[in-house]
Number of protein chains: 4
Amino acid sequence: MSRLGIGFIGCGGIHNAHAPHLVDSEDAFIACAMDVSEDAAKAHCEKYGTKHWTTDRAELLAREDVDAVVVCTPTGFHKEAVLDAAAAGKHIFCEKPIALDLAAIDRALAAVDEAGVKLQIGFNRRFDPNFARVRQAIVNGEIGAPALLHIISRDPAPPPISYVKVSGGMFMDMTIHDFDMARFLIDSDVEEIYTQAGVTVDPAIGEAGDVDTALVVLKYANGVIGTIDNCRRAPYGYDQRVEVLGSKGAISTANNYPNAATLSDGVSVRRDLPLNFFMDRYTESFANEVAAFVDAVLNDRPTPVSGYDGRIPVVMGLAALKSHREGRPVKMSEIG
Amino acid sequence: MSRLGIGFIGCGGIHNAHAPHLVDSEDAFIACAMDVSEDAAKAHCEKYGTKHWTTDRAELLAREDVDAVVVCTPTGFHKEAVLDAAAAGKHIFCEKPIALDLAAIDRALAAVDEAGVKLQIGFNRRFDPNFARVRQAIVNGEIGAPALLHIISRDPAPPPISYVKVSGGMFMDMTIHDFDMARFLIDSDVEEIYTQAGVTVDPAIGEAGDVDTALVVLKYANGVIGTIDNCRRAPYGYDQRVEVLGSKGAISTANNYPNAATLSDGVSVRRDLPLNFFMDRYTESFANEVAAFVDAVLNDRPTPVSGYDGRIPVVMGLAALKSHREGRPVKMSEIG
Amino acid sequence: MSRLGIGFIGCGGIHNAHAPHLVDSEDAFIACAMDVSEDAAKAHCEKYGTKHWTTDRAELLAREDVDAVVVCTPTGFHKEAVLDAAAAGKHIFCEKPIALDLAAIDRALAAVDEAGVKLQIGFNRRFDPNFARVRQAIVNGEIGAPALLHIISRDPAPPPISYVKVSGGMFMDMTIHDFDMARFLIDSDVEEIYTQAGVTVDPAIGEAGDVDTALVVLKYANGVIGTIDNCRRAPYGYDQRVEVLGSKGAISTANNYPNAATLSDGVSVRRDLPLNFFMDRYTESFANEVAAFVDAVLNDRPTPVSGYDGRIPVVMGLAALKSHREGRPVKMSEIG
Amino acid sequence: MSRLGIGFIGCGGIHNAHAPHLVDSEDAFIACAMDVSEDAAKAHCEKYGTKHWTTDRAELLAREDVDAVVVCTPTGFHKEAVLDAAAAGKHIFCEKPIALDLAAIDRALAAVDEAGVKLQIGFNRRFDPNFARVRQAIVNGEIGAPALLHIISRDPAPPPISYVKVSGGMFMDMTIHDFDMARFLIDSDVEEIYTQAGVTVDPAIGEAGDVDTALVVLKYANGVIGTIDNCRRAPYGYDQRVEVLGSKGAISTANNYPNAATLSDGVSVRRDLPLNFFMDRYTESFANEVAAFVDAVLNDRPTPVSGYDGRIPVVMGLAALKSHREGRPVKMSEIG
């Protein structure tokens, strides 16, 4: 194939993070968009100039000009989409997580393996320039052997309670990105997880059976100790940072801002708030991750975020939740 | 017209700053690309998916699907392109400066006026989020009445001597952007200019009759005092900052960086160098300026950088050069 | 009394953090210096112009011109010094910790109570402008109700193994300052502590039965979750920061530097390393804490760091150690 | 002599910048304080524990225990004090400027020369850690050969008009520090000065015949171009920075702050204002400069800021004023 033909499965919010980077790129084009809502599928075509749409997944998967699919449905439909796409021999980019239970994930991964198609999971933050620079510092030995890792990951504001109820819980919905970051940065397996969590933002979140504030401690096989700090509300905006102490130095990242201006007056020395919306904050990483997927397919390279990389953060989420519920550190081996 | 049909006149380096933002935007498309070099015109089509090309400006200007032209030729051909485009009734986005002498500029502006087409000059930095924030602070009264302004504008490295020789001199080639910034930020006319300049980077630049290091002092009608600091070489990268002191506060901008990571080890606390290439540094402003041009044409609004705005910085450049040569402050009224 | 007469008990390293701030202040003077080493006592007099010295604690405590003592002996002698000073009716500033076991602390506190003298414990960091500003932000409601707290506290390099062996362990020697900080910042009791710790800096520290790297999680009664990050080695210097997320905002502190210069060249944009030595880093807080002690005595006010404030961090240290040994969260009530 | 006996001539405001660093230092002590006001002299003794005072300069200069004098009178009395002290064979630390006219300065310098005593002028900023670091970078070649220099020097608020009237004018009162900084940093003579100045802060300053806002351009013999930015009012506090671009890099300094805390909320990311009062901002440099003076006398070394160093900034001030009045660049050689 010269350019990779992409089919979108699901044209909701998150699909807008990917679509602009696939429109008439040198290496790919959007062949067809599918959504169960005809309106959503048509809106996609209008916005991105895509020529074909359908409300029928099977129809999309039957198209010859679709070489690969980008799965952007709600989480509950990921597994099914992956199974069908694999059966149709299409390469798959799937938003995280593949599923909320391990059995479903394992079925999907087996199907992908069997079909011999490529699968990449949408952990886009690996492609963010800030976090990529931290990874590079570790790989290059710029900070020596890592000893302590901190991930700060706070949303500007909590989602609607209706979403909280179907989200799979904060550990699976929000922390899962940080679990992947924890794996991306450190070359060792997390063996044990301890969680301290509660509700400090909105009692309704607690009533929905979830938490909104958490501190997760990660114990790695190689002795590194990590923490993840999560909160559903950071009044100053989207807060996304990491910090690693190593034997020779440390590296830390700051947030991204809409401008680099500092204003000083009789009250304070200040700057405008950091970027608030995840699509603004992670524009570059979203562009980079689909480019990497397209490259992996076109050049038959392993995808940079494998199905296995999609599975482990779910195990970590389950361990974190179990630790929270039982008030004790939980070994990963207790989960499966 | 539904979408604005764009014709490129000149497909060299700078045209790549504009073209990506006009490819299949919601409001515009590239109808045709013209370059005296067939290779350059074809390369454009290859890269941006443009369907038509020509080496003949008249042919491009005759096309019905070309509503507006983007003039990216070498400076020496700007005037001619503007005259012909105006005669053909096409709206014009023209890279700065229109010409190096005022008579030529005035002829071009008269032609534009007569034709009743829109003209926007490519002073893209007005659309940069950092400088726009400074302007906003002044407009909003956040710093009170401005008193002192400093513009720092340094290139990472000098251009080839061959370019220096045809550049019109540093004041016309490099400082011209800063003259526009000086006008954009402060709501008052510059009345007098004093220049202190010399050669500190490369003697060959001096031998070519130019300077590579300059400090220009601007005296505004309203009492504001400004400076422009120019150097053809900043070893740490492209340095583009402004700072304004007002009666109630001050605002200053920092450079833009490829990432927000800080590395600390036994030697220093440091970050990677600022963005080095003007197209990386000003990506956002290039996108914003053509969007503003398209919007001005489609909605029949005045362009945000008029032909007059293109003329004054040339007057300032001539005054700066005269001041440098005569070793005294020069009034704008001495130039014309 | 017009000026407070101070007697130093112990003239070793840490006493140099206090003495300069008591020499001929408007409110105090050093009446006499005692050290078991005649050389140390004499060296003090030479350096600070103190007129009297002795190697006999009883003799110092018998002096009429000694209103208050500053106890700077090794930790093992603190309790004894406090008991004798209280018996002699002298006010007491005592370096932390009073003792490593709670029974000894309780005996000392009882003696102080009985004697009716004032006691202040040397948790100087409460008086540091950075941490005081964080406390102020919380007290003023600038960040709303705290939810997450992080304390980063890393030494530039580990102490000699000989010191490690008698230090009482990292939690009692180093973390104890951070336990106090955790109490100073948040208006709630810590109820439970979980520790993840190990040896990443020097195996000899492990062989000595201690750890050199730790992450301590604090669960407060009011739901705040805190962490303390400790390491015996930060290659870039002394790292002392805190960060608090609240319902309305967040506050964080950076390190202190010897200068505010930034150097940019072809390699990086960098600054010199942070202050490396605790006496340089905390000069201001050492000055502030003795001034507060002198003020409390002269004006009969409660000391800002009470004997009780000296006891609780020891309980926390014991809980942190127990958690580390048993691999589980430990409630403060398990300790005593 | 073992310790240097200091006599203060003048016990007003600025003398409090020096006195604390001379009280019972290891190398010096204050032998006697003189002020024409008995109250001021007594207040000094009360505050600093000095044993002797007088209202008679001759009496102070006659004392055997006075080895050196620190001249802190109003500027108008500096010359006289220097002449008498030199005649009495006392070493002299004199606040800047020695006098406002060159003839008076030259008489004073001749007297000092003849007497063979040491003279140091109070340009304390050379001893500030920020500016010293900039000088070090230049000396060490960290930024290569300097090309452009910027000094920003703004007061928080203008002095009373009564002071403005006797100050000698802004160039002599305020800019003089920056003229010295311009000489301290760059190893070359300033040959020509151009001034653009006006009144933007308070019309009453203009009515008093002075300016409150100025931009001074310095042309050095070696081709370096410098600027000094002065304003009598910076609403955010005392603004004291420098920035130097060299052939290999650049160095710049930021302001000094009371703490290193950053607060983020729904409005902005901000920190408290910089240090506002010159004695807080320059505490360290005041301490360093008198230590250097004491060292120069005790060890018979040249003082780090000579009488000549005190003379040139006055020449520069006269040139800056002449340039302002005549609206043209003025050569130093035009002044004398």
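Here the condition is being under 21 Å from C:HIS150 (Cα atoms) and modelled with pLDDT of 95 or more; of A:VAL190, A:VAL269, A:VAL201, it holds for A:VAL201 alone. Among the candidates A:ASP180, A:ASP187, A:ASP212, the residue that is open to solvent by 10 Å² or more (accessible area, probe 1.4 Å) and either within 20 Å of the chain's Cα centre (by Cα) or away from chain C (no Cβ under 11 Å) (or both) is uniquely A:ASP187.
Apart from one condition, A:GLU46 fits all of (1) under 20 Å from A:LYS90 (Cα atoms); (2) at pLDDT below 95; (3) acidic (Asp, Glu); the exception is (1).
Annotation: B:ASN276 fulfils all but one of (1) touching a helix residue (DSSP H, G or I) at 6+ places or on another chain (Cβ under 9 Å); (2) within 30 Å of A:ARG133 (Cβ to Cβ); the unmet one is (1).
Residues that are outside any helix (DSSP H, G or I), buried (at least 19 other Cβ atoms within 10 Å of the Cβ) and modelled with pLDDT under 95 occur at least once in region D:100-110. Scanning region D:275-287 for residues that are open to solvent by 60 Å² or more (accessible area, probe 1.4 Å) and farther than 30 Å from A:TYR236 by Cα yields D:PHE277, D:PHE278, D:ASP280, D:THR283, D:GLU284. C:TYR257 passes every criterion in (1) more than 30 Å from B:PRO156 (Cα to Cα); (2) open to solvent by 50 Å² or more (accessible area, probe 1.4 Å); (3) not hydrophobic (A, V, I, L, M, F, W, C) apart from (1). You will find that of C:GLU80, C:GLU64, the residue that is under 19 Å from C:SER2 (Cα atoms) and open to solvent by 60 Å² or more (accessible area, probe 1.4 Å) is C:GLU64 and no other.
The residues of region D:147-156 that are surrounded by 23 or more Cβ atoms within 10 Å (Cβ to Cβ) and more than 9 Å from chain B (Cβ to nearest Cβ), listed by number, are D:LEU149, D:ILE151. The set of residues in region C:1-46 being open to solvent by 10 Å² or more (accessible area, probe 1.4 Å) and in a helix (DSSP H, G or I) consists of C:ASN16, C:PRO20, C:HIS21, C:GLU38, C:ASP39, C:ALA40, C:LYS42, C:ALA43, C:CYS45, C:GLU46.
When D:PRO203 is tested against (1) within 10 Å of another protein chain (Cβ to nearest Cβ); (2) open to solvent by 10 Å² or more (accessible area, probe 1.4 Å), just one condition goes unmet, and that condition is (1). If you go through region A:126-141 one residue at a time, do you hit one that is within 15 Å of A:ASP309 (Cα to Cα) and open to solvent by 50 Å² or more (accessible area, probe 1.4 Å)? No: zero hits.
Go through the residues of region A:126-139 one by one and say whether even a single one is within 20 Å of A:PRO203 (Cβ to Cβ), part of a helix (DSSP H, G or I) and in contact with a helix residue (DSSP H, G or I) (Cβ under 8 Å, 6 or more places away or on another chain). No, every residue in region A:126-139 fails to be within 20 Å of A:PRO203 (Cβ to Cβ), part of a helix (DSSP H, G or I) and in contact with a helix residue (DSSP H, G or I) (Cβ under 8 Å, 6 or more places away or on another chain). Scan region D:223-232 and tell me whether some residue there is open to solvent by 10 Å² or more (accessible area, probe 1.4 Å) and either charged (D, E, K, R) or more than 7 Å from every other protein chain (Cβ to nearest Cβ) (or both). Within region D:223-232, none of the residues are open to solvent by 10 Å² or more (accessible area, probe 1.4 Å) and either charged (D, E, K, R) or more than 7 Å from every other protein chain (Cβ to nearest Cβ) (or both).
Within region D:288-297, can you find the residues that are under 16 Å from D:SER2 (Cβ atoms) and open to solvent by less than 40 Å² (accessible area, probe 1.4 Å)? Across region D:288-297, the qualifying residues are D:VAL294, D:VAL297.
Scanning region A:233-249 for residues that are in contact with a Phe, Trp or Tyr (Cβ under 7 Å, 6 or more places away or on another chain) and open to solvent by 10 Å² or more (accessible area, probe 1.4 Å) yields a single hit, A:TYR238.
Residues of region B:303-336 that are more than 14 Å from chain D (Cβ to nearest Cβ), open to solvent by 10 Å² or more (accessible area, probe 1.4 Å) and not in a helix (DSSP H, G or I): B:THR303, B:PRO304, B:SER306, B:ILE335, B:GLY336. The set of residues in region A:47-57 being open to solvent by less than 20 Å² (accessible area, probe 1.4 Å) and not in a loop (DSSP other than H, G, I, E, B) consists of A:THR54 alone. If you go through region A:241-254 and keep only what is at the interface with another protein chain (Cβ under 7 Å from one of its Cβ atoms), in contact with a helix residue (DSSP H, G or I) (Cβ under 9 Å, 6 or more places away or on another chain) and not small (Gly, Ala, Ser), you end up with A:ILE251, A:THR253. For the criterion of being of a type outside the set (Phe, Trp, Tyr) and buried (at least 20 other Cβ atoms within 10 Å of the Cβ), D:VAL267 fails. Are any of the residues in region D:256-268 more than 7 Å from every other protein chain (Cβ to nearest Cβ) and small (Gly, Ala, Ser)? Looking through region D:256-268, none of the residues is more than 7 Å from every other protein chain (Cβ to nearest Cβ) and small (Gly, Ala, Ser). Within region D:67-74, none of the residues are out of contact with any Phe, Trp or Tyr (no Cβ under 9 Å at 6 or more places or on another chain), over 24 Å from D:ALA182 (Cα atoms), at pLDDT 95 or above and in a helix (DSSP H, G or I). If you go through region A:279-304 and keep only what is touching a Lys or Arg at 6+ places or on another chain (Cβ under 9 Å) and closer than 30 Å to B:ALA132 by Cβ, you end up with A:TYR282, A:SER285, A:ASN288, A:GLU289.
If you filter region C:157-168 down to residues that are part of a helix (DSSP H, G or I) and open to solvent by 30 Å² or more (accessible area, probe 1.4 Å), you find that the one that is nearest to C:GLY76 (Cα to Cα) is C:VAL166.
Only one of the listed residues (B:ASP272, B:ASP300) is open to solvent by 10 Å² or more (accessible area, probe 1.4 Å), more than 18 Å from the chain's Cα centre (by Cα), more than 14 Å from chain A (Cβ to nearest Cβ) and within 27 Å of B:ALA17 (Cα to Cα). That residue is B:ASP300.
The values are calculated or read from the model by the stated rules, or taken from the named source; none is laboratory data. Since we're looking at a predicted model, the values are computed, not measured. Cβ atoms come from the backbone with ideal geometry, glycine included; neighbour counts cover every protein chain shown. The area values use the complete protein model at the heavy-atom level, side chains included, leaving out ligands, DNA and RNA. Shrake-Rupley method; radii C 1.70, N 1.55, O 1.52, S 1.80 Å.
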